[in-house]
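The next block holds one structure in the form of structure tokens; read it before the comments.
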Amino acid sequence: MPSTTLTNSPLFGWLLGYEAKRKLLLNKAPAGALRDFLSVPMPCMATPIDKVAILAVDFETTGLNAKQDKLLSVGFITLKQQQMSLKSSYHQIIKTKAQLEESNVIIHHITDSQKEQGQALATVVEALLKALAGKVMLVHFSRIEKQFLTEACHHLYGMAPIFPMIDTLALAKRRLDKRDVAYDPSELRLANLRHKMQLPEHHGHNALNDAIATAELFMAQMSKANKDGKITLKDVLL
């Protein structure tokens, strides 16, 4: 049986395929939220992108190091057929013992008193996994969500699957790289990409607001690139 480290590597996911890896980990998963998540098949790679069920997700954290820092809040919303379902929206602050730095609070506006009223990490991750079952995760700058969710699953369940992800930053970078012209990395920021797509300004650094902003950006990206309807999940997946 492959080790947990190997089965969580991107190379292993590529070699086996997401579906094969899901089935492999399903046999090892403990009863509960993670097993329930793994029990639902993932969308086929050949599915047209406008037919894929997507969950736009954003995290606010105490820092950028998933090994040392903590999840502070989670926001998500469902996207399908180029439409968001507002009734599916979710935002929750997580109760953590981590002491918040003033510089960090200025960014995400979550105070110590607010986090003390938050829900347990297990409750929030369970809600996320339930909403994510059978869907593909949509994020902007995948490293944060990928590393923090993987770390949370290891902490809660002793294992973590590979989460198929679409990254609006990566999609924009691919497009810019094809021009073979130097560009400022700041162009890849969520707010700047939205401005370029003539999307309205949004109140950033709130997990739900950023999840909605990411979903809107993705819809704009697909509207511009998918005019002939030939883009599939495989074309946009990390």
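Going by the conditions given, is Asn226 at pLDDT below 95, closer than 21 Å to Tyr90 by Cα and surrounded by 13 or more Cβ atoms within 10 Å (Cβ to Cβ)? Spelling it out, it is not the case that Asn226 is at pLDDT below 95, closer than 21 Å to Tyr90 by Cα and surrounded by 13 or more Cβ atoms within 10 Å (Cβ to Cβ). Scanning region 26-38 for residues that are open to solvent by 60 Å² or more (accessible area, probe 1.4 Å) and in contact (Cβ under 8 Å) with a residue 12 or more places away in the chain yields Lys28, Asp36. Only residues that are polar (S, T, N, Q) and either in contact with a Phe, Trp or Tyr (Cβ under 6 Å, 6 or more places away or on another chain) or surrounded by 15 or more Cβ atoms within 10 Å (Cβ to Cβ) (or both) were counted in region 48-81, giving 4. Note on region 163-199: residues that are over 21 Å from the mean Cα position of the chain (by Cα), among the small types (Gly, Ala, Ser) and either surrounded by 15 or more Cβ atoms within 10 Å (Cβ to Cβ) or at pLDDT 95 or above (or both) amount to 0.
Quick check on my filter: what residues within region 200-223 are part of a loop (DSSP other than H, G, I, E, B) and buried (at least 19 other Cβ atoms within 10 Å of the Cβ)? Matches in region 200-223: Asn206 only. Residues in region 119-151 that are on the phi > 0 side of the Ramachandran plot and within 12 Å of the chain's Cα centre (by Cα): Phe141 only.
Before we move on, is Asp112 open to solvent by 50 Å² or more (accessible area, probe 1.4 Å), modelled with pLDDT under 95, under 27 Å from Lys234 (Cβ atoms) and more than 20 Å from the chain's Cα centre (by Cα)? The answer is no for Asp112. Regarding region 124-133, can at least one residue be identified that is exposed (fewer than 15 other Cβ atoms within 10 Å of the Cβ), in contact with a helix residue (DSSP H, G or I) (Cβ under 9 Å, 6 or more places away or on another chain), closer than 23 Å to Phe37 by Cα and touching a residue at least 60 places away in the same chain (Cβ under 8 Å)? Taking every residue of region 124-133 in turn, at least one turns out to be exposed (fewer than 15 other Cβ atoms within 10 Å of the Cβ), in contact with a helix residue (DSSP H, G or I) (Cβ under 9 Å, 6 or more places away or on another chain), closer than 23 Å to Phe37 by Cα and touching a residue at least 60 places away in the same chain (Cβ under 8 Å).
The values are calculated or read from the model by the stated rules, or taken from the named source; none is laboratory data. Not measured: the values here are computed from a predicted model. Quick reminder, even Gly has a Cβ in these numbers, built from the backbone with ideal geometry, and neighbours come from all protein chains shown. In case anyone asks, the SASA skips ligands and DNA or RNA and just uses the protein heavy atoms, side chains included. Shrake-Rupley method; radii C 1.70, N 1.55, O 1.52, S 1.80 Å.
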